[in-house]
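Take a look at the structure below.
The values are calculated or read from the model by the stated rules, or taken from the named source; none is laboratory data. This one's a predicted model, so the numbers in the text were calculated from it and none came from an experiment. Cβ coordinates were reconstructed from backbone atoms using ideal geometry, including for glycine residues, and neighbour counts include every protein chain displayed. Each accessible area value is taken on the protein alone, full model and side chains, heavy atoms only, with ligands, DNA and RNA left out. Shrake-Rupley method; radii C 1.70, N 1.55, O 1.52, S 1.80 Å.
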Amino acid sequence: MDLVYKIVKTMKKNTFFALIFLLGLMTSAKADQNLTLLKQQVQADIQIVDLQNVTIPELQEMIRIGKLTYTQLTEMYLRRIELYDFNTIKLNSVRMLNPHALADAKKRDSIFALNPSVATGLFGMPVLVKDNVNVVGMPNTAGSVALANNYPPFDAPIITKLNDAGAIILGKVNLTEFANFIAIGMTTGWSSLGGQVLNPYRPVPLLGDTITVRPSGSSAGSGVAAAAALSAVTIGTETSGSILSPAFANSVVGIKPTVGLVSRHGIIPISSTQDIAGPMTRNVTDAAILLTAMAGFDPNDETTKSIENAGMTGVDFTQYLRLGNLHGKRLGLIGIPPEGHFAHEPFQQAIKALKDAGAEIITKSDGSALTFFNPEDSSINPPFWQSIVLAYDFARDLPAYLATLDEDFPIRTLQDIIDFNNEYMKTNPDAFPFGQELLIRSNEIDLEAKKDSFLIDRERDILLSRTYGIDYLLKKHNLDGLVNTSLNVLPTIIGARARYPTVSIPLANLGSTTNPVNLTFIGTAFSEAQLIEFAFVVEQAGDFRIPPGLADKRELGITIERAQALSEREMASIQDIYNFAWAIYQSNFSTQSDVDTATRALSSALQNIR
């Protein structure tokens with residue numbers, strides 16, 4: 001208080017500003033107290049249940065035996081969002097919370113009290129949804145300022161299914177604007193409405209760094225929120241890598257389903273040819289539970305008519321969470337980490353788990369990975385080929401979505417969005433740092449004149465990705481699936497164009513600016529159940545996923561900078577403590593407790609020097 005008195009005394013000629021200064025100090029002190037209390041509450045929650053490592057069935061068991069309620073669980077996730085997303089490291093993954101979430105949780109508790117058998121599956125589980133999915137009462141924006149006030153008149157069918165399952169819609173998560181289809185070279189996780197989403201493993205550059213680990217996209221918020229355990233599960237969407245890529249970057253499980261397994265109606269589109277929604281979770285069990293709830297026929301999405309013919313009606317994917325049942329299964333390796341790479345040993349461990357469960361692993365005769373091959377003309381099967389399918393679909397499908405909104409909503413066309421953005425930039429010049437070139441290009445497409453080109457490219461996509469791609473490999477080697485890692489991204493693109501499923505699980509994470517590595521299983525249409533079984537076998541064989549530490553390291557960084565200013569002699573006297581603090585500071589896996597301990601130890605050492 002002596003310091004405050006001296007400052008106010010120097011300002012006595014202007015008592016108004018002195019009063020403002022004092023109010024600021026009081027407000028800041030109150031905020032600090034609230035944040036300290038919030039941290040303590042989150043730490044107390046962790047003593048009740050480790051939300052990073054618990055599965056939905058384990059949560060439901062805690063509900064059944066009275067150790068937890070749905071209301072308490074929802075409050076725990078809300079506190080984590082408040083702490084990690086809105087304060088401290090400010091991940092910025094959650095764009096908007098559902099104001100009815102707690103009331104919905106209390107309703108689930110009331111239902112459970114009358115009928116305890118409901119405590120299964122998604123019932124009472126908080127879910128965060130990508131902000132391009134219709135949820136009545138909440139804006140659906142795709143991260144666009146032009147759609148900030150888009151309150152859709154109906155729930156997307158996948159939301160209806162979640163509600164029917166008793167899930168709690170906790171909120172909407174940020175994404176790369178228009179699912180990364182607004183500008184070339186756009187930073188993943190950025191949108192004009194939501195700002196920048198941060199990866200929880202390395203959200204900001206540390207001392208000596210110049211880069212962060214990007215959250216990847218476009219389902220950046222879904223991947224980050226899953227990794228930080230901000231809800232039980234999250235939902236992402238993919239056109240070409242937008243579930244799988246953020247699953248890789250954030251060390252979480254991602255399932256990109258077959259196009260046709262899950263309805264896309266009520267989801268802001270890029271491409272009706274390739275779009276699909278899917279689970280993003282921390283474990284395979286929860287992903288299977290979520291996919292079971294999401295899947296099903298919808299008369300508003302004709303692709304889901306394939307479900308019945310494929311024998312997938314009412315499939316419970318949790319029935320494939322089993323071990324030691326892979327006898328007779330053949331898996332082809334299409335991506336193998338090289339010796340010396342940090343993912344090599346975990347990969348070998350994963351392959352051993354598949355073999356131990358009875359699977360046969362197929363490679364080339366020399367042990368190297370299989371390659372996609374066109375038996376007729378390899379010249380038409382390059383690593384990547386150009387296609388107008390996405391741009392054409394976007395020009396056609398986005399206005400079709402806008403036509404489903406209330407008649408008085410002013411944005412009806414791509415041109416309306418471009419015009420709105422141009423007007424917005426007059427007063428917000430930094431809103432579109434990457435421009436809107438893809439919006440403009442798509443808007444210029446003559447749908448009638450380009451229809452034949454679109455159909456030709458779509459057929460070529462199928463030919464190269466299925467006939468001479470995934471299906472060719474599966475048939476040639478009599479395989480049940482393909483095994484890849486995120487080090488080899490081509491199969492992700494091929495799988496998207498084939499509209500086939502992929503299941504991705506964490507494999508290795510160094511905890512540095514080096515991107516983590518995921519293991520992926522790719523199959524033919526509607527092979528999700530089998531891929532989930534493969535993934536579950538590997539997941540249960542080892543602790544491949546390491547959660548992010550989620551620590552606020554700013555104070556430790558300042559303390560380290562003070563130590564770095566010491567003389568060589570002074571540094572030598574605290575070298576061991578400094579090395580300990582530096583290791584804690586650099587690690588993505590350090591908890592707040594680790595960081596606080598290192599900060600106190602180094603601060604004490606510095607005080608002893610002075």
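Peptide packing for 100-112, 300-312 was compared via the average number of neighbouring C-beta atoms within 10 Å per residue; ordered from the highest value, the list is 100-112, 300-312.
Among 210-218, 151-159, the peptide with the highest mean count of other Cβ atoms within 10 Å heads the list, and the full ranking is 210-218, 151-159.
Remark: relative contact order (the chain) = 13 percent; criterion is Cα-Cα distance under 8 angstrom and separation of 6 or more residues. What net charge is computed for the residues neighbouring Val54, neighbours being all others with C-beta under 11 Å from the C-beta of Val54, Lys and Arg scored +1, Asp and Glu -1? With Lys, Arg at +1 and Asp, Glu at -1, the neighbours total -3.
Per residue, the range 51-189 exposes 33 Å² of accessible surface when a 1.4 Å probe is rolled over the protein heavy atoms with every protein chain present. The C-alpha radius of gyration of the range 104-159, expressed as a fraction of 2.2 N^0.38 Å, stands at 1.46.
Peptide packing: for 58-68, 462-472, the average count of neighbouring Cβ atoms within 10 Å per residue gives the ranking 462-472, 58-68, highest mean first. Relative to its Kirkwood radius, the Cα radius of gyration of the range 182-321 gives an Rg/Rh of 1.02. Pairwise Cα distances in the range 449-509 exceed 14 Å for 62 percent of all pairs.
To the nearest 0.05, what FRET efficiency results for Leu490 and Arg562 with a Förster distance of 45 Å applied to their C-beta separation?
Between Leu490 and Arg562 the formula returns 0.40.
Taking only the C-alpha atoms of the range 278-321, Rg followed by Dmax gives 11.4, 32 Å.
State whether the range 494-610 is rounded, prolate or oblate according to the following rule on the C-alpha gyration tensor (a ≥ b ≥ c being the square roots of its eigenvalues): a/c under 1.5 gives rounded; otherwise a/b larger than b/c gives prolate, and the remaining case gives oblate. Prolate is the answer for the range 494-610, as a/c is 1.5 or above and a/b outweighs b/c. Taking the DSSP bridge list for the range 104-255 and keeping only pairs wholly inside it, about 25 percent are antiparallel.
Here the chain has 53 percent of its accessible surface on carbon and sulfur atoms, given a 1.4 Å probe and all protein chains in place. Computed over protein heavy atoms with a 1.4 Å probe, the accessible surface of the range 396-451 works out to 61 Å² per residue. Our estimate of slack between Asp209 and Gln349, defined as 0.36 nm per intervening residue step minus the Cα-Cα distance, is 47.2 nm. What shape does the range 557-610 have by the C-alpha gyration tensor, where a ≥ b ≥ c are the square roots of the eigenvalues, rounded means a/c under 1.5, and otherwise prolate means a/b greater than b/c and oblate the rest? In terms of gyration-tensor shape, prolate. Working from label points 7 Å from Cα in the Cα-to-Cβ sense, the Asp356 to Asp109 distance is 4.2 nm. DSSP bridge analysis restricted to the chain gives an antiparallel fraction near 65%, rounded to the nearest 5. Computed on protein heavy atoms with a 1.4 Å probe, the accessible areas place Leu122, Leu78 in the order Leu78, Leu122, largest first.
Ratio of Rg to Rh for the range 305-425: 1.16 [Cα atoms; Kirkwood radius as inverse mean 1/r over pairs]. Considered as an equivalent ellipsoid built on the Cα gyration tensor, the range 50-143 has semi-axes of 25, 17, 11 Å, the largest given first.
Among the protein heavy atoms, those of Asp452 account for about 110 Å² of accessible surface (1.4 Å probe, every chain in place).
Separation of the alpha carbons by more than 24 angstrom is noted, of Lys130/Lys450; Lys256/Lys475; Lys256/Lys451, for Lys130/Lys450; Lys256/Lys451.
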